[in-house]
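Structure record follows, encoded as structure tokens.
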Amino acid sequence: MRSERLSGYIKSSALPHVALALLGVIAVMAGPSSFAHAQEQAPAAPAGPATAQAPDPVPTDRQLLDKALAAAKIQDDAAELQTLQTLLGRYPELQDPVRYRKLPQATQALLRRASLMSLSLQAQSDYYAKTGTRLRRVGGGVSAPVPIHQVQPELSDEARQGHFGGIAVVNLIVDEKGNPQNVHLLQAMGHGMDEKAIQAVKQYKFKPAMENGKPVPVMLNVEINIDPF
């Protein structure tokens, strides 16, 4: 069984993350002597009983994802990216498929969504850097594009003979004429199916997204699910 599912688009800039990295380098380069000098110049603390201050509670994974989604809703790209990076940075298992598969299913699903959001942000940022075109966000007066022609991906020999299945996520721009542009893979399925998925999505046709009665370009993710057979 094969199915395709569409999801919305998002956009971002990576500048906040770069700025934080540079600040970290500056702090290291200052060295212990600078810290000691700062201690010597610091005023003495006033006498009196010390008041313990409770640390801020550490947000859960779900709270971080909700925060990123809220930032996306108001198009605060910097906050969205920083929050996603904080969430994904908690899991070195993302770099090791064996360890990743040992995580609870709910955690895998949450991390998969956060990863796709982050990759979509970068794809939209790259598109703007290349073309100078800012893509609209579905919602808030912008209607979603509607697929009017979809193509099922062909099965590769490997998938057919081995009865393999999986999920591929293809990222694309739907332009003002409803045509797919900049089609590329966000999440690989393997088994020879990734290029098949891209070829199929390139043949899609959409009724374009609309804003104030005019067609506008937006970004979409198309999820293609091939069930084992």
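The values are calculated or read from the model by the stated rules, or taken from the named source; none is laboratory data. All of these numbers come straight from a predicted model, not from anything done at the bench. Every residue, glycine among them, receives a Cβ derived from its backbone with ideal geometry; neighbour counts consider all protein chains shown.
Considering (1) over 16 Å from L116 (Cβ atoms); (2) surrounded by fewer than 20 Cβ atoms within 10 Å (Cβ to Cβ); (3) in contact with a strand residue (DSSP E or B) (Cβ under 9 Å, 6 or more places away or on another chain), the lone condition that V174 does not fulfil carries the number (2).
Tallying residues that are in contact (Cβ under 8 Å) with a residue 60 or more places away in the chain, out of contact with any helix residue (DSSP H, G or I) (no Cβ under 7 Å at 6 or more places or on another chain) and assigned to a helix (DSSP H, G or I) within segment 113-146 yields 9.
Residue under question is H191, and the condition is that it be farther than 15 Å from P147 by Cβ, at pLDDT below 90 and not basic (K, R); does it hold? Talk me through it step by step, then tell me what you get.
Numbers: farther than 15 Å from P147 by Cβ: yes; at pLDDT below 90: yes; not basic (K, R): yes.
Against the criterion (farther than 15 Å from P147 by Cβ, at pLDDT below 90 and not basic (K, R)), H191 qualifies.
Take segment 74-104 and flag every residue that is surrounded by fewer than 16 Cβ atoms within 10 Å (Cβ to Cβ) and without any contact (Cβ under 8 Å) to a residue 12 or more places away in the chain. Passing the criteria: I74, D76, G89, P92, Q95, D96, P97, V98, R99, R101, K102, P104. Highlighted here are the strands (runs of 3 or more DSSP E) found entirely within segment 149-229 that include at least 1 residues which are among the β-branched types (V, I, T): 166-174, 180-187, 214-216, 218-226.
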